Each structure stands twice: as structure tokens, then as C-alpha cells.
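Inspection log for the structure reproduced underneath, given as C-alpha cells.
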Amino acid sequence: MTVQDTTTETRPGHVILTDLAASKVKSLLEQEGRDDLALRIAVQPGGCSGMRYQLFFDERQLDGDTVLEYNGVRVAVDRMSAPYLGGATIDFVDTIEKQGFTIDNPNAQGSCACGDSFH
């Protein structure tokens, strides 16, 4: 894993993108024909447990963003979401039971059964 920010301490907004997740993001960006987008990870109110994760491609860089780079993939976290996501690991799973991005968040005290929201 190549990380632009080499600090090992967990800070607000400092998320980890696994090699597999970075590879999948790169593949999706290639399908879109875009190399100017970042994977934005945000937290919004909602979902069964109170807070919901959002992952999407974004061409903007907002004031106060934490931006890290993993294997050529930029990951952006806005300043409002940063306290909820520090130390979270984003992975990609592709099994017979499940396919998609997963978030292992040490800040979440609990989550719903669907895994899309947390508190």
C-alpha cells in the first residue's frame, strides 16, 4: 500500500484504503474514463442507526478536506465527517455472498444489520 501521508497515528479523517479497494476504485475510474476524481467518504445523518456512510466520486476539493492517496487513488474526507471516520478501513469484498465496499470503523459503537449505518 502506497500512502502519500506517512503518519501512522490515527487522526480525524485519516482513513485507510486497502490495496484491493484501491484497485477496484481504479478500475471504476477507468470505466468512467476519468482520472480527475477522488473517492469521497462522508457521513450523513440517517439510516437505521442514526448515521449513514456515503462513498462516491467527487471532482471537488472542499475547504478543510483531508485528502490521502493510496496506489494512485485519491481519498477525500470532509471536515464534518472526519471525526467519525478517523482510523476507518475501507475494503472491497467480492464473494458469493456479498460484493461491494465495506467500512470497518473503530469509532462506531454499533451498526444495523444491513451494515449501511452506525451510531
Given (1) open to solvent by 20 Å² or more (accessible area, probe 1.4 Å); (2) at pLDDT 90 or above; (3) within 20 Å of Gly87 (Cα to Cα); (4) touching a helix residue (DSSP H, G or I) at 6+ places or on another chain (Cβ under 8 Å), where does Leu39 come up short, assuming only one miss?
(1)
Of everything in region 89-106, what is assigned to a loop (DSSP other than H, G, I, E, B), aliphatic (A, V, I, L, M) and buried (at least 17 other Cβ atoms within 10 Å of the Cβ)? Give them in sequence order.
none
Matching residues, region 47-66, being over 11 Å from the mean Cα position of the chain (by Cα) and either open to solvent by 70 Å² or more (accessible area, probe 1.4 Å) or within 19 Å of Arg34 (Cβ to Cβ) (or both)
Cys48, Arg52, Asp58, Glu59, Arg60, Gln61, Leu62, Asp63, Asp65
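The values are calculated or read from the model by the stated rules, or taken from the named source; none is laboratory data. In this text, all values refer to a predicted model and were calculated from it rather than measured experimentally. Backbone-built Cβ (ideal geometry, glycine too); neighbour counts: all protein chains shown. Side chains are part of the model used for accessible areas, which takes the heavy atoms of the whole protein and leaves out ligands, DNA and RNA. Shrake-Rupley method; radii C 1.70, N 1.55, O 1.52, S 1.80 Å.
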